[in-house]
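**Q** Dumping the structure here so I can ask a few things about it.
The values are calculated or read from the model by the stated rules, or taken from the named source; none is laboratory data. Keep in mind that this is a model prediction, so the values were computed, not measured. Cβ coordinates were reconstructed from backbone atoms using ideal geometry, including for glycine residues, and neighbour counts include every protein chain displayed. Accessible surface areas use protein heavy atoms only, side chains included; no ligands, DNA or RNA. Shrake-Rupley method; radii C 1.70, N 1.55, O 1.52, S 1.80 Å.
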Amino acid sequence: MTLSVSSVVNVTVSLSPTAAAERNFGSILILGSSGIVTTAERLRAYTNLDDIAVDFGTTAPEYKAAALFFAQSPQPSLAYLGEWAQSATSASIRGGVLTLADQAIGPFQAITSGTLSLSINGTVKNLTALDFSDDDNLNAVAGTLTTALTSAGTVTWNAAAARFEIVSATTGITSTITAAADGAVASLLKMQASQAEAPVAGVAAETLVDAVADLADKSSDWYGLVVAAAGVDDDDVLAVAAFIEGVGTSRVYGVTSQDAQELVTGQTTSLGYRLAQLKYQRTFWQYSSSNPYAAASAFGRAFTVNFDGSNTTITLKFKQEPGVVAEDISASQAAAINANHGNVFVKYNNATAILQQGVVANGYYFDEVHGLAWLQNAVQTAVYNLLYTNPKIPQTDAGVNQLVTTINRTLDQSVTNGLVAPGVWNAAGFGSLSQGDTLSTGFYVYAPKIATQSQADREARKAPPIQIALKLAGAVHSADVLINVNR
């Protein structure tokens, strides 16, 4: 027996915690009611339009909105498609995926007196004498099963997903379904509990804002929201806008209005007017006579910004909207949209078309709202990671300086990406900053001495309040050029 080397040299390896990641400010949630995504799953991530077409087809409202989002150049990279129970839903169960070998019709046709047992709406359905011998494809097998269910539900073969699906004939909270009991038919269908997806119970109809609130609670991964469903009225939109405005996690809501009243100066009934009066900072609305999801295109362009890059921030004005027909409107009609802080993809008399003005409902520029949402999260994440990955940050001036240094590094990136730029500070000062001073770096960070803390804050282990002054870079949206001619 030999002695351990550890008695002479003891080496311990410790891995530091993995730092928290920043949020993705380029992801959209397209919320619809087509039923492709179940209310149990609630939302599904997609990185390209092809996969959405496979799941939703090319006629679903969700697909049409996603097509506008992904049509932008450069192309955004992430869309979530969510489900709104606009009407009461039916219970359903999805069988396991059938391989190509599993899809062979021969084993099904060999069954001439099969059985299948499952419960629908609390009643056990014992299907007997199932005969698939004359069924020449899986759609026919589904039809035989539907007939056997005698109006209790419907069985379909989903060729795109390569699975059988059973849906109850009833809706609402009393609509239930179970997996099938083990057996030969259940095995071929992959409908037994060991292979099928978990059953989804029916739910009552929900309001649009309740659906959005549930999806916000379920995931913080999405930033933008566009609703792709018929039957959404202005009150629904206003309720969602109020929620998005007040929710703690920053998000933005894109709305398209097709109401011709948006083009009338002085009207007080349109959705655009009502949003402007409420001065919502996180709602972007656009007029489009031809496309009910035009705002998805604007979000598609905005969400390509990589805030970790150099000179990557953009203004939405002057951008294109592939798939959206440019409006042919008069100057007075454009002014009516502008007056309510709306946006429109519009033709100009030099054979171009642009999106204008790139603003949200309170008149702020969308790129500033978007950029500051990123900056808030970036600073928050950087400071959190400093505290999380170090044994401790001392409650001293040196410790506070570590916080300030970390914030400065994040603010440096806001200058690099073009969100912030040097300029004159035109507001009240603080620390050593006075009104009229030039922010040569574009920002100023101030933290008072630790000795100025109250004893209560000291005992609560708080840092002194840290204040930041920022000068936004802005963007040029118009210019006056004066030409003086002398003979």
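**Q** Give the Cα extents of the chain along the principal axes, in whole Å, largest first.
**A** Computed over the chain, the largest-to-smallest principal extents equal 95, 93, 44 Å.
**Q** List the relative contact order of region 192-325 as a percent without decimals, with contacts defined as Cα pairs under 8 Å and 6+ residues apart.
**A** RCO, region 192-325: 20 percent.
**Q** Mind checking which aspartates and glutamates have their C-alpha under 13 Å from Lys471, skipping anything on the same chain fewer than 8 residues away?
**A** In chain and number order, the partners are Glu368, Asp412, Asp437.
**Q** Here is a follow-up. How high is the relative contact order of region 287-334, in percent, counting Cα pairs under 8 Å that sit 6 or more residues apart?
**A** With pairs under 8 Å counted, the relative contact order is 43 percent.
**Q** Of all DSSP beta bridges located in the chain, what percent are antiparallel, nearest 5?
**A** Of all bridge pairs located within the chain, approximately 60 percent are antiparallel.
**Q** If you don't mind, there's one more thing I want to ask. Trypsin sites (Lys or Arg not before Pro), restricted to region 314-405: which are DSSP loop and have at most 15 other Cβ atoms within 10 Å?
**A** Lys392
**Q** Go through region 446-453 residue by residue and turn each phi into a ³J(HN,Hα) via Karplus (6.51, -1.76, 1.60, θ = phi - 60°); whole Hz please, and just put x for glycine and proline.
**A** These are the phi-based 3J(HN,Hα) values: 10, 9, x, 5, 4, 5, 7, 5 Hz.
**Q** Sticking with this one: Counting only helical runs of four or more DSSP H residues, what would the 222 nm mean residue ellipticity of the chain come to if each run contributes -39,500 (n - 2.57) and the total is spread over all its residues?
**A** -8500 deg cm²/dmol
**Q** Mark the label point 7 Å from the Cα of Asp102 along Cα→Cβ and return the residues of region 175-199 whose backbone N is within less than 19 Å of it.
**A** 178-199
**Q** Looking at the square roots a ≥ b ≥ c of the eigenvalues of the Cα gyration tensor of region 391-487, which shape do they give, rounded for a/c under 1.5, prolate if a/b is larger than b/c, or oblate?
**A** prolate
**Q** Give the relative contact order (percent, whole number) for region 138-192; include only Cα pairs under 8 Å separated by 6+ residues.
**A** Once divided by the residue count of region 138-192, the mean separation gives 23 percent.
**Q** How much net charge surrounds Gln453 when only the other residues with a Cβ under 13 Å from the Cβ of Gln453 are counted, with Lys and Arg +1 and Asp and Glu -1?
**A** That works out to +1.
**Q** Further, regarding this structure: How many percent of the accessible area of the chain is carbon or sulfur, using a 1.4 Å probe?
**A** Answer for the chain: carbon and sulfur cover 52 percent of the accessible area.
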